[in-house]
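The next block holds one structure in the form of structure tokens; read it before the comments.
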Amino acid sequence: MGGAAQRLPLLRVILSCRKITAQVTNPITDSIIAMASTTEPEFIPQLKAKRNQVPRHHNYVDLRMASRVGEKLGVRLKEIGVENVEIDLKEELSRPIHQQKMVNPIFRTVKEAGISVSGTDELIFGNVH
């Protein structure tokens, strides 16, 4: 690919034991053009329930929440007319395997929303349902 090629918006996922944030940034300005996160009101009851669960778990987010974050992001990208995004393959491959399994549902559900996600074919983990 030459230097004159147009870069796609970049899809990045930020993970912690308490939240997931997926954001798409403009490749030229690095400004966020769409995002979805488990900090949104829809997720608050689930997070509170997990926080109050006995025995206590250190990881409050799960694959179902990750999938829902991807769905919300896909819908928002469609609404603003973004049809193609890319991931930073080097960044995704450097994640520990348990984090790779957590981002997979996000990428899958963004694709299911009709958004092309370049770079995910090179990832080694399979579909997690």
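The set of residues from segment 78-99 being farther than 19 Å from SER37 by Cβ, modelled with pLDDT under 95 and touching a helix residue (DSSP H, G or I) at 6+ places or on another chain (Cβ under 9 Å) comprises LEU89, LEU93. Restricting attention to segment 44-77, the residues that are without any contact (Cβ under 8 Å) to a residue 40 or more places away in the chain and either at positive phi or over 15 Å from the mean Cα position of the chain (by Cα) (or both) add up to 14.
Residue count for segment 5-19 under the criterion of being buried (at least 17 other Cβ atoms within 10 Å of the Cβ), at pLDDT 95 or above and more than 14 Å from VAL82 (Cα to Cα): the result is 2. When we screen VAL54, VAL110, VAL117 for residues that are within 17 Å of PRO9 (Cα to Cα) and not in a helix (DSSP H, G or I), the only hit is VAL117. Scanning segment 60-101 for residues being hydroxyl-bearing (Ser, Thr, Tyr), closer than 28 Å to PRO45 by Cβ and not in a helix (DSSP H, G or I) gives a total of 1.
The values are calculated or read from the model by the stated rules, or taken from the named source; none is laboratory data. No experiment lies behind these values; they were computed from the predicted model shown. Cβ: placed from backbone, ideal geometry, glycine included. Neighbour counts: every protein chain shown.
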